[in-house]
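Beneath this line is the structure, given in structure tokens, with notes to follow.
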Amino acid sequence: MRKLHYAVAVLGLFTLEGVKADQAATLQILQRNACTACHQATVKTVGPSWQDVANRYRDGSKTAAELGESVKKGSTGQWGPVPMPPQAQLNDADLATVTQWILSSH
Ligand code: HEC
């Protein structure tokens, strides 16, 4: 946790680099909601990597809103035999932030 705070503080020094600040805030949401227990940036773990999700839906076959529905209600059979339990704990603003970020991560 201290490491994360340090990273956020360091990124805070670069507030002009809005992208990095957004990224830090998004990563915090993902950690706070335990998404990172099952998802990593580029490596498939329990669930698909953010990169794989972005690559699959890059063509617009799923929008951020549709992806948000999958996350909120849970997802099954899209990526493999392991289902994702419903992640209903996210508020709509955080959900929109993370799904947009996931779709743009590559
Ligand atoms: C218990 C493990 C677990 C947790 C916690 C978890 N996921 Fe998942 N997630 C999965 C698995 C497994 C899949 C693949 C499900 C499937 O095949 O349909 C998945 C799929 C997804 C997808 C792709 C959905 C699609 O329609 O293709 C997204 C996006 C996603 N997760 C985001 C999140 C976010 C954001 C959180 C945190 C709020 C989260 N996940 C928490 C295991 C998890």
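A few comments on the model shown:
- Count - residues of the stretch 97-106 that are open to solvent by less than 30 Å² (accessible area, probe 1.4 Å) and either farther than 23 Å from residue 42 by Cβ or not in a loop (DSSP other than H, G, I, E, B) (or both): 3
The rows are residues; the columns are (1) over 16 Å from residue 105 (Cβ atoms); (2) over 14 Å from the mean Cα position of the chain (by Cα).
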position: 28; (1), (2): no, no
position: 37; (1), (2): yes, no
position: 41; (1), (2): no, no
position: 44; (1), (2): no, no
position: 50; (1), (2): no, no
position: 54; (1), (2): no, no
position: 59; (1), (2): no, yes
position: 72; (1), (2): yes, no
position: 92; (1), (2): yes, no
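- If the condition is being open to solvent by less than 70 Å² (accessible area, probe 1.4 Å) and either touching an Asp or Glu at 6+ places or on another chain (Cβ under 6 Å) or of a type in the set (S, T, N, Q) (or both), then the stretch 45-60 contributes 45, 49, 51.
Residue-wise test of (1) within 24 Å of residue 22 (Cβ to Cβ); (2) within 9 Å of the ligand (Cβ to nearest atom); (3) surrounded by 17 or more Cβ atoms within 10 Å (Cβ to Cβ); (4) among the aliphatic types (A, V, I, L, M).
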{"position": "35", "(1), (2), (3), (4)": "yes, yes, yes, no"}
{"position": "43", "(1), (2), (3), (4)": "yes, no, no, yes"}
{"position": "64", "(1), (2), (3), (4)": "yes, no, yes, yes"}
{"position": "68", "(1), (2), (3), (4)": "yes, yes, yes, no"}
{"position": "80", "(1), (2), (3), (4)": "no, yes, no, no"}
{"position": "91", "(1), (2), (3), (4)": "yes, no, no, no"}
{"position": "95", "(1), (2), (3), (4)": "yes, yes, yes, yes"}
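- Taking residues in the stretch 23-48 that are assigned to a helix (DSSP H, G or I), and partners anywhere that are within 12 Å of the ligand (Cβ to nearest atom) and aromatic (Phe, Trp, Tyr), the pairs with Cβ atoms closer than 6 Å and at least 6 places apart or on different chains are 26/101.
The values are calculated or read from the model by the stated rules, or taken from the named source; none is laboratory data. In this text the structure is predicted, and so the values were computed from the model without any measurement. Reconstructed Cβ throughout: ideal geometry from the backbone, glycine too, with neighbour counts over all protein chains shown. Accessible surface is based on the protein model in full, side chains and every heavy atom, while ligands, DNA and RNA are left aside. Shrake-Rupley method; radii C 1.70, N 1.55, O 1.52, S 1.80 Å.
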